[in-house]
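Working notes, beginning with the structure itself.
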Amino acid sequence: TAYLLALGFDMITDACARETLIKKLKTKIEENDFKLSTGFVGTGVICKTLSSLGLDGLAYSLLLQTKDPSWLFSVRGGATTVWERWNSYTSDKGFGDAGMNSFNHYAYGAVIEWMFAYMAGIQPCDGFERFTLCPRPDMRKAGDIPKGQKPITRVSAEYDCCFGTVCSEWEKRGEGIIYRFKIPKGTSASVEI
């Protein structure tokens, strides 16, 4: 979390120190087997910060992790929301203590912001009257993908703003990527591929 906050909020201005922290962050995530160990503050910004650093592949690897603690560990346990504690429910122990335990908690659910803004690439400017569409497909190569994961080959997202529905979707086909989008009447968007 300390690395994420320092890098994500541009607290490190020295280029050499910044690169050192990026390497340490990457190493920590890999050594932790792409499992989350960041708590409320760090988990809410981890994927967004990684993508801002050009480390989209690490963000995808975290998103697709199924071991505890991870987003998909909860999903595999039957979750339809994101829990306040990673182990709110386990197959061997059932539900944990319900005190101080929200079963629909924003801090860990903040990954959805990254999914819309980076995976699908829907990024507002001026309250959606103007916005940027800049999807970041899963470009991990076979050697970069953790064991048990498969790359995401298709993303489709819609966001209902006050002007109408913004749609963004991409699909890998062979060596290429097909990108489609739709913006509401009366809005403008720049598209960055």
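The values are calculated or read from the model by the stated rules, or taken from the named source; none is laboratory data. Note that the structure is predicted; figures quoted are calculated from it, not measured. Neighbour counts are summed over all protein chains in view; Cβ atoms, including those assigned to glycine, are modelled from backbone coordinates with ideal geometry. In case anyone asks, the SASA skips ligands and DNA or RNA and just uses the protein heavy atoms, side chains included. Shrake-Rupley method; radii C 1.70, N 1.55, O 1.52, S 1.80 Å.
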TODO: Compare ASP33, ASP92, ASP68 in a GNM of the chain, Cα atoms joined below 10 Å, and give the one with the largest fluctuation.
DONE: ASP92
TODO: For region 171-177, just list the computed ³J(HN,Hα) in residue order, Karplus coefficients 6.51, -1.76 and 1.60, θ = phi - 60°, integers in Hz, with x standing in for Gly and Pro.
DONE: 8, 7, 9, x, 8, x, 10
TODO: For region 87-93, just list the computed ³J(HN,Hα) in residue order, Karplus coefficients 6.51, -1.76 and 1.60, θ = phi - 60°, integers in Hz, with x standing in for Gly and Pro.
DONE: 9, 4, 9, 10, 5, 7, 10
Task: Per-pair calculated FRET efficiency, R0 = 25 Å: PHE40 and GLU129 via Cβ, rounded to 0.05 - done: 0.20
Open item on the list: With an 8 Å Cα cut-off and a minimum separation of 6 or more residues, compute the relative contact order for region 125-193 in percent.
Closed with: 36 percent
TODO: Once you've got the GNM for the chain with C-alpha springs shorter than 10 Å, pick whichever of GLY44, GLY174, GLY77 has the biggest mean-square fluctuation.
DONE: GLY174
Open item on the list: How large a share of the accessible area of the chain, in percent, is made up of carbon and sulfur atoms when the probe is 1.4 Å and the other protein chains stay in place?
Closed with: 54 percent
Task: Filter on LYS28/LYS150; LYS23/LYS147; LYS28/LYS67; LYS150/LYS182; LYS23/LYS150 - keep pairs with C-alpha separation over 20 Å - done: LYS28/LYS150; LYS23/LYS147; LYS150/LYS182; LYS23/LYS150
- [ ] With label points built 7 Å along Cα→Cβ from the Cα atoms of LYS28 and ASP68, find their separation and express it in nm.
- [x] 2.3 nm
Open item on the list: Going by amide H atoms built from the backbone, whose H comes under 5 Å of the H on TYR89, apart from near neighbours?
Closed with: GLY96
- [ ] Please report the orientation-averaged projected area of the chain, defined via the convex hull of its C-alpha atoms, in nm².
- [x] 12.9 nm²
TODO: Under 18 Å Cα to Cα from LYS35, which aspartates and glutamates show up? Leave out anything in the same chain fewer than 8 places away.
DONE: ASP56, ASP68, GLU84, ASP144
Task: Residue among ALA142, ALA79, ALA98 with the largest mean-square fluctuation in a Gaussian network model of the chain, springs linking Cα atoms under 10 Å - done: ALA98
TODO: Kindly express, to the nearest 10 degrees and within the range 0 to 90, the angle between helix 39-52's C-alpha long axis and the longest C-alpha principal axis of the chain.
DONE: 40 degrees
TODO: Please work out, to two decimal places, the log10 of the ratio I(q)/I(0) at q = 0.20, 0.23, 0.24 Å⁻¹ from a Debye calculation in which every Cα of region 86-193 carries one identical scatterer.
DONE: -1.01, -1.17, -1.23
- [ ] Using DSSP, restrict attention to beta bridges with both residues in the chain and report what percent are antiparallel, rounded to the nearest 5.
- [x] 85 percent
Task: Beta bridges per DSSP with both ends in region 111-193, % antiparallel, nearest 5 - done: 85 percent
Open item on the list: Keeping every protein chain present and rolling a 1.4 Å probe, give me the accessible area per residue for region 53-193 in Å².
Closed with: 57 Å²
TODO: Express the relative contact order of the chain as a whole percentage, based on alpha carbon pairs under 8 Å and six or more residues apart in sequence.
DONE: 14 percent
- [ ] Enumerate the amide H contacts of ILE122 below 5 Å, restricted to partners 5 or more residues apart or on another chain; note that Pro and chain-start residues carry no placed amide H.
- [x] ALA117, CYS134
Open item on the list: Angle check, please: helix 15-31 long axis (alpha carbons) against the longest principal axis of the chain (alpha carbons), in degrees 0 to 90, nearest 10.
Closed with: 60 degrees
